[in-house]
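Chemist: Got a structure for you, questions after.
The values are calculated or read from the model by the stated rules, or taken from the named source; none is laboratory data. Just so you know, these numbers come straight off a predicted model, no measurement behind them. Cβ: placed from backbone, ideal geometry, glycine included. Neighbour counts: every protein chain shown.
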Amino acid sequence: MSASEQELDLALVARVQQGHKPAFDLLVKKYQSRILALIYRFVRDRHEAEDVAQETFIRAYKALVNFRGDAAFYTWLYRIAINTAKNHLVARGRRVPDSDVDLADAEHFDDGNALRDNDTPEGGALSSELEQAVHKAIASLPQELKTALMLREFDGLSYEDIAEIMRCPVGTVRSRIFRAREEVDKQISPWLEK
Amino acid sequence: MNEREQISALVDGELPPAERDALVRRMEREPALSDTWRRFQLGHAALQHEAPSAVDLSARVMAALESEPVVLAPRALPQQRPLWRKTWVRATGGMALAASLTLGVAMVWQTNATPNPVQVEIGSIIRDGSHPQVLVAPEVAGNDSADTIPQVALNDTDRESAYMLAHAEYSERADDGITPYARVAGQSEDQ
C-alpha cells in the first residue's frame with residue numbers, strides 16, 4: 001500500500017473522527033472485499049462471513065475515535081476482523097484455526113504484498129468470474145490504456161513514473177488509466193447486479 | 001477532469017490533498033460518486049487478486065450504524081499517576097499530617113495538664129517484655145492540688161497510640177506516614 005493511499009485512509013479516518021459518518025462508508029467500500037475474504041477463511045460460510053464482516057466494521061466505527069494512526073488503518077482493521085471472527089467461532093463452540101490466518105498477513109500487506117486468497121465468500125466461483133471478467137476487459141483494451149493500467153496496478157508505479165516510461169504528460173496517464181477503469185467497470189457490471 | 005476521473009486518481013492515491021479532500025466531501029454527499037468509488041475499488045481488488053466480492057456490505061453497515069445509538073468511546077487519555085501516588089506528595093502529605101497530629105496531641109496535653117502539667121515525653125517509650133511502657137515523669141512542682149495529677153491518665157489505648165505514632169516511621173508502609181494507623185484507629189473508635 002502506497003504512502004499516498006495510507007494518507008487517504010488517514011484523511012477519511014480524520015473525517016469520521018470529526019463526526020462525518022459518510023466518510024466511514026467510503027472506508028467500508030474500499031476494504032469490504034478484503035475483509036470479507038479474510039473472515040471467510042475463518043467461518044467458511046458466506047452468510048456468516050457477511051454478518052461477521054458487518055460486525056467488524058461496526059466495531060471499527062465505534063473504536064475509531066481511539067485510532068491514533070500508529071499502524072496503518074488496514075492493519076488495525078485487519079486485527080479487529082480477526083478478533084471478531086475468532087470471537088464468533090468461540091461463541092458458537094467452534095474450533096478457531098491455529099495458524100491459518102495471522103496478523104503477519106496484515107504486515108505483509110502493508111509491505112506491498114496484497115492479501116492473496118482464492119477462498120472467497122462466494123466459494124471462489126463468483127469471485128473467480130469477476131476476476132476473469134476484469135482480465136478479459138483488460139485484454140480487449142487499446143494498447144496504451146492497457147499499458148498504463150498494468151504499470152499502475154501490477155507494477156505499482158506512480159503516474160509520474162508511468163508518464164516517463166510512456167513518454168506522455170501525467171494528465172494523459174491519469175486519463176488513460178481512468179478510461180481503462182471505465183471499460184473494466186462496464187465488464188463487471190453484470191456481476192454487480194446479481 | 002470530471003469527478004469519475006478524479007475518483008480513479010483517488011483510488012491510486014494520486015490526487016493532491018486539497019483536491020482529494022474536496023472530492024471526499026462530495027462523495028460523502030453524492031451516492032452516485034461513492035458507488036463509482038466502490039466499483040473502481042472492486043476492479044482494483046480483482047486486479048490485485050484480493051478476492052473481489054460483489055456483495056456490498058456498506059449499505060448494511062451504515063444502516064446498522066444509523067439504527068443503533070452509537071456512542072463513540074471517549075479517546076483514551078495517557079495513563080497518569082494519581083496525585084497521591086507521587087512520592088513528593090506522599091512524603092510532604094505524610095509529614096504535614098504527622099505534624100498536625102503532633103500539634104493536636106500537644107495542645108490537648110497542655111489543656112489537660114493545666115494547672116498541674118505533667119511532663120510526658122512521648123518519645124521515651126520503651127519495651128518492657130512484649131508490652132510497651134510509657135515513662136511518666138511525676139513532676140508536681142507548683143501544683144495547686146495533688147489530686148489532679150494525671151499519673152495514670154494514659155490507659156492501654158493511649159499507650160498503644162503513642163507507641164504506634166512513635167514507631168510509624170519503621171513500619172512497612174512508612175511512606176504513607178501515619179495514615180494507615182490513623183485509619184485503623186478511627187475504625188476502632190467507630191466500633
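Chemist: Please give the number of the condition A:Glu48 fails out of (1) facing chain B (nearest Cβ under 8 Å); (2) buried (at least 17 other Cβ atoms within 10 Å of the Cβ).
Modeler: Every listed condition holds for A:Glu48 apart from (1).
Chemist: Within region A:33-50, work out how many residues are free of Cβ contacts under 8 Å to residues at least 24 places away in the same chain and in a helix (DSSP H, G or I).
Modeler: Summing the residues that are free of Cβ contacts under 8 Å to residues at least 24 places away in the same chain and in a helix (DSSP H, G or I) in region A:33-50 gives 2.
Chemist: Within region A:174-194, can you find the residues that are touching a residue at least 24 places away in the same chain (Cβ under 8 Å), facing chain B (nearest Cβ under 7 Å) and either under 13 Å from B:Ala9 (Cβ atoms) or part of a helix (DSSP H, G or I) (or both)?
Modeler: Answer for region A:174-194, where residues must be touching a residue at least 24 places away in the same chain (Cβ under 8 Å), facing chain B (nearest Cβ under 7 Å) and either under 13 Å from B:Ala9 (Cβ atoms) or part of a helix (DSSP H, G or I) (or both): A:Ile177, A:Arg181, A:Val184, A:Ile188, A:Trp191.
Chemist: Within region A:141-173, restricting attention to residues that are farther than 17 Å from B:His49 by Cα and assigned to a loop (DSSP other than H, G, I, E, B), which residue is nearest to the other protein chains (Cβ to nearest Cβ)? Break it down into steps so the answer makes sense when it comes.
Modeler: Looking only at region A:141-173, we keep the residues that are farther than 17 Å from B:His49 by Cα, and these are A:141-148, A:157-173.
Right, trim to assigned to a loop (DSSP other than H, G, I, E, B) and you get A:141-142, A:157-158, A:167-169.
Working: A:Leu141: 12, A:Pro142: 17, A:Leu157: 10, A:Ser158: 7, A:Arg167: 19, A:Cys168: 15, A:Pro169: 13 Å.
Within region A:141-173, the match that is nearest to the other protein chains (Cβ to nearest Cβ) is A:Ser158.
Chemist: When you go through B:Leu15, B:Leu42 one by one, which is the residue that is more than 7 Å from chain A (Cβ to nearest Cβ), within 51 Å of the chain's Cα centre (by Cα) and buried (at least 17 other Cβ atoms within 10 Å of the Cβ)?
Modeler: B:Leu15
Chemist: So A:Leu89 fits all but one of (1) modelled with pLDDT under 90; (2) away from chain B (no Cβ under 14 Å); what number is the exception?
Modeler: (1)
Chemist: Also, I was wondering about something else. So which of B:Val55, B:Val24, B:Val61 is of a type in the set (Val, Ile, Thr) and outside any helix (DSSP H, G or I)? Give the derivation first.
Modeler: Values: B:Val24 fails: outside any helix (DSSP H, G or I); B:Val61 fails: outside any helix (DSSP H, G or I).
Being of a type in the set (Val, Ile, Thr) and outside any helix (DSSP H, G or I) holds for just one of B:Val55, B:Val24, B:Val61, which is B:Val55.
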